[in-house]
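Okay, structure first, notes after.
Bear in mind that the values in this text are calculations on the coordinates, not laboratory data. Just so it is clear, the model here is predicted, and its values are computed rather than measured.
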Amino acid sequence: MRHREKWIPLAQEMHYRLRPLPGPRMTTPIGELPHTEISRTLVYVTGITCGVLAAIAAEILVRRTGIEIADTGRSIASGQGLQMRSVSAFWLMAGFAFVASAVVSAALSRLPLPWHRLRGLRWLAGAVVVFALAEVGHIAAVTGGPGGGAHAAMSLAALAVAALVALFAAYFATRT
């Protein structure tokens with residue numbers, strides 16, 4: 001059996017007309033990646049959330065040293081002056097919330113998404129955060145102390161102040 005040879009036309013002989021495809025055209029140059037703008041509300045919410053989580057971690061770490069947030073409420077209720085030791089836990093929580101919220105909000109508002117170039121740094125930061133939260137959780141499980149209504153009320157009040165301070169920090173960090 002003999003094989004037949006197939007006839008393949010040359011490119012000059014083809015009479016095709018090139019037409020643009022329907023749909024949106026690529027407007028960004030090939031060298032640049034498109035970036036996504038993040039809404040201000042999302043930046044604020046993320047900053048506040050990170051600030052409140054940092055305040056919770058600060059409360060756990062301060063409680064391990066023996067300083068109770070409930071002592072602030074007892075100092076206020078007793079009519080005596082506030083003791084520096086009891087108030088320091090309250091303001092330390094607010095300070096941690098301020099710093100964490102400012103850092104996160106500034107990073108989100110100034111660095112455009114997607115963060116392809118920062119992939120290794122993101123993984124490293126994520127691992128550090130996971131290990132830090134695991135350590136704080138371990139400390140919280142070991143730490144004992146008085147519980148009850150006074151501690152819960154003062155913790156909620158301190159977290160409300162921390163959320164407000166975190167909102168201020170996110171606002172000032174995103175101003176351009």
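Our estimate of slack between ALA141 and ALA153, defined as 0.36 nm per intervening residue step minus the Cα-Cα distance, is 2.3 nm. If the segment from LEU113 to LEU133 were pulled out straight at 0.36 nm per residue, it would be longer than the present Cα-Cα gap by 4.6 nm. For ARG40 and PHE172, the difference between the fully extended length at 0.36 nm per residue and the C-alpha to C-alpha distance is 46.3 nm.
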